[in-house]
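Just dropping this structure here.
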Amino acid sequence: MKNIVFWLRFSVFNFLLVAVLGCIMRYKIAYSLPIVDQKHVQEAHSHFAFYGWITQIIYVLIIKYLHGILPENKLKKYNILLVINAIAAFVMIPSFIYNGYFWASIAASTAALLTSFVFFFYLIRDLKGNHDLVKPWFLGGMFFAVISSIGVFTLSYMMMTENMNQTLYLASTYYYLHFQYNGFFIFSCIGFLILSLKQIGSEISEQENKLIFWLMFIGGLIGFGLSVLWMKIPLWILIVILLATIAQTVAAVKLYGVVKRNWPKLVVNFSALQRFVLMYVGFAFFAKIALQLGSNVPALSQFAFGFRNVIIAYLHLILLMCVSIFLLNQILATNVFKITKPVTTALKLLLLGIFLNEAVLGLMGIFSIQYVAIPYAAEILLAVSLLMMFSLLAILVSLKKKTL
């Protein structure tokens, strides 16, 4: 991939933009910024985080993987899709900030979604006959990205027609979020993890890989039910949802076993910081799996959906602590950039910032049970957001291409 350095650096820049939008939102909560509509900035922040940062870097890393399999002329179409996705994502920021959901922001979101359809179609066609261990993970992830679009199209239709149904609105939002977070993002990351393990000669059999994949896939497909437990659901469906959650828990334990078994090879091939990041992400992933399993308990589910801080803490746990840090680590592990002292220091500060963000949001969620507010919580969260933003800026500025 000729322009890999540009696309990797561009992705880090996009992550920085997500942090900037997060800081604007946190500033408005702590102080005042009348010129900005909080809901519109929130929509710009979430859409750009999904398409400008995470989807973009997943595409870049998949194309990098394809570079070793496909001839250069077959990769041109993927580069065109990268450009289309990037343009659509950048249109989302000003359009959402200006007026929330309207024709321009919906057009940009639709363009990004349709890009994922085309990417999925090309990937199926180009990986035909390929039996690599990562194939089901990348295709499974893209499948979830495609079906998540049903939620967006339903939301867009309701917004455009101004025919709002609160239950359908919430169900559509959670449908989209579930299949992006627990489908596209998580499956792609597991694919990159298995690819990294394979590259250092680690052992995972095709049978073991298939078992983990199908347990995760079926669990992910049915697991959407966890997002709508607040609806009146028959007992037999609740049992099916519980079984699906158990299936994902078993898959997660098996995946942990694969990493543990291959840890001696990781010690030889990964730096101490890379290994720490893997443990950091692993902790976040298992916290997600444990919370997912616990949400089958009605009292815990009501608590989770009843408090906004709990929902925000859970979404940040997956999006920031698990997925974003893993993908940023993948960028650094490409061996394209020099891993200098400023890069590692900035990465450590980012890890600290994300952990503090999660800790404060988690405490706010716990204290909200008793309707107790944490003093200066808004100011603390703003300070943490600034720490994350400046850490990402330092990483971006310090990224220097390796000379051959």
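Restricting the first residue to the range 319-341 and requiring it to be under 16 Å from F276 (Cβ atoms), which pairs with a second residue that is among the aromatic types (F, W, Y) and outside any helix (DSSP H, G or I) meet a Cβ separation below 9 Å and a spacing of at least six or different chains?
A333/F270
Being β-branched (V, I, T) and within 30 Å of E162 (Cα to Cα) is the filter; apply it to the range 80-93 and report the residue that is surrounded by the fewest Cβ atoms within 10 Å (Cβ to Cβ). Can you show your working first?
The initial filter retains those residues of the range 80-93 that are β-branched (V, I, T), namely 80, 83-84, 87, 91, 93.
Still in the running and within 30 Å of E162 (Cα to Cα): 84, 87, 91, 93.
Details: I84: 16, I87: 14, V91: 18, I93: 22.
Among residues in the range 80-93 that are β-branched (V, I, T) and within 30 Å of E162 (Cα to Cα), the one surrounded by the fewest Cβ atoms within 10 Å (Cβ to Cβ) is I87.
Moving on. From L386, L347, L352, L393, grab the single residue that is among the aliphatic types (A, V, I, L, M) and either more than 23 Å from the chain's Cα centre (by Cα) or surrounded by 22 or more Cβ atoms within 10 Å (Cβ to Cβ) (or both).
Values: L386 fails: either more than 23 Å from the chain's Cα centre (by Cα) or surrounded by 22 or more Cβ atoms within 10 Å (Cβ to Cβ) (or both); L352 fails: either more than 23 Å from the chain's Cα centre (by Cα) or surrounded by 22 or more Cβ atoms within 10 Å (Cβ to Cβ) (or both); L393 fails: either more than 23 Å from the chain's Cα centre (by Cα) or surrounded by 22 or more Cβ atoms within 10 Å (Cβ to Cβ) (or both).
Unique residue meeting the criteria: L347.
Scan (1) more than 19 Å from the chain's Cα centre (by Cα); (2) closer than 24 Å to E208 by Cα; (3) surrounded by fewer than 16 Cβ atoms within 10 Å (Cβ to Cβ) for the single condition I241 breaks and write down its number.
(3)
Can you tell me which of V267, V228 is at pLDDT below 90, under 21 Å from the mean Cα position of the chain (by Cα) and among the β-branched types (V, I, T)? Before you say what the answer is, go through the steps one by one.
Values: V267 fails: under 21 Å from the mean Cα position of the chain (by Cα).
Going through V267, V228 in turn, the sole match is V228.
For (1) crowded, with 17+ Cβ neighbours inside 10 Å; (2) under 16 Å from the mean Cα position of the chain (by Cα), each residue gets a yes or a no:
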position	(1), (2)
I35	no, no
Q56	yes, yes
P71	no, no
Y78	yes, no
S95	yes, no
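Looking at the range 217-238 only, could you name the residues that are in a helix (DSSP H, G or I) and either without any contact (Cβ under 8 Å) to a residue 40 or more places away in the chain or surrounded by fewer than 16 Cβ atoms within 10 Å (Cβ to Cβ) (or both)?
I218, G219, L221, I222, G225, L235, W236, I237, L238
If a residue has to be polar (S, T, N, Q), touching a residue at least 40 places away in the same chain (Cβ under 8 Å) and crowded, with 20+ Cβ neighbours inside 10 Å to count, how many in the range 138-195 make the cut?
Kept after step one, since they are polar (S, T, N, Q), are these residues of the range 138-195: 148-149, 154, 156, 161, 163, 165-167, 172-173, 180, 182, 188.
If we keep only those that are touching a residue at least 40 places away in the same chain (Cβ under 8 Å) as well, we get 156, 167, 180, 182, 188.
Restricting the remaining residues to those that are crowded, with 20+ Cβ neighbours inside 10 Å gives 180, 182, 188.
Of the residues in that region, 3 qualify.
Being among the acidic types (D, E) and either surrounded by fewer than 15 Cβ atoms within 10 Å (Cβ to Cβ) or part of a loop (DSSP other than H, G, I, E, B) (or both) is the filter here; which residues of the range 99-134 pass it? I'd like the intermediate steps shown before the answer.
Step one: of the range 99-134, the residues among the acidic types (D, E) are 126, 132.
D132 - this is the single residue of the range 99-134 that is among the acidic types (D, E) and either surrounded by fewer than 15 Cβ atoms within 10 Å (Cβ to Cβ) or part of a loop (DSSP other than H, G, I, E, B) (or both).
Can I ask one more? Determine whether the range 331-343 contains at least one residue that is under 18 Å from the mean Cα position of the chain (by Cα) and in a helix (DSSP H, G or I).
Scanning the range 331-343, I find at least one residue that is under 18 Å from the mean Cα position of the chain (by Cα) and in a helix (DSSP H, G or I), so the answer is yes.
Among residues belonging to the range 363-374 that are surrounded by fewer than 18 Cβ atoms within 10 Å (Cβ to Cβ) and part of a helix (DSSP H, G or I), point out the one that is modelled with the lowest pLDDT.
To start, the set of residues in the range 363-374 that are surrounded by fewer than 18 Cβ atoms within 10 Å (Cβ to Cβ) comprises 363, 366-374.
Imposing the further condition that a residue be part of a helix (DSSP H, G or I) reduces the set to 363, 366-370.
Values: L363: 88, I366: 79, F367: 81, S368: 75, I369: 72, Q370: 75.
Going through the qualifying residues, I end up with I369.
Would you confirm, using the coordinates I've provided, whether Y65 is modelled with pLDDT of 95 or more and touching a helix residue (DSSP H, G or I) at 6+ places or on another chain (Cβ under 7 Å)? Don't jump to the end; show me each part of the working.
Working: modelled with pLDDT of 95 or more: no; touching a helix residue (DSSP H, G or I) at 6+ places or on another chain (Cβ under 7 Å): yes.
Judged against the criteria, Y65 is not a match.
Can you tell me which residue is surrounded by the most Cβ atoms within 10 Å (Cβ to Cβ) among those in the range 246-286 that are under 21 Å from L133 (Cα atoms) and touching a Ser or Thr at 6+ places or on another chain (Cβ under 6 Å)?
The extreme case among them is N262.
The values are calculated or read from the model by the stated rules, or taken from the named source; none is laboratory data. The structure presented is a predicted model; accordingly, all values stated were derived computationally and were not measured. Every residue, glycine among them, receives a Cβ derived from its backbone with ideal geometry; neighbour counts consider all protein chains shown.
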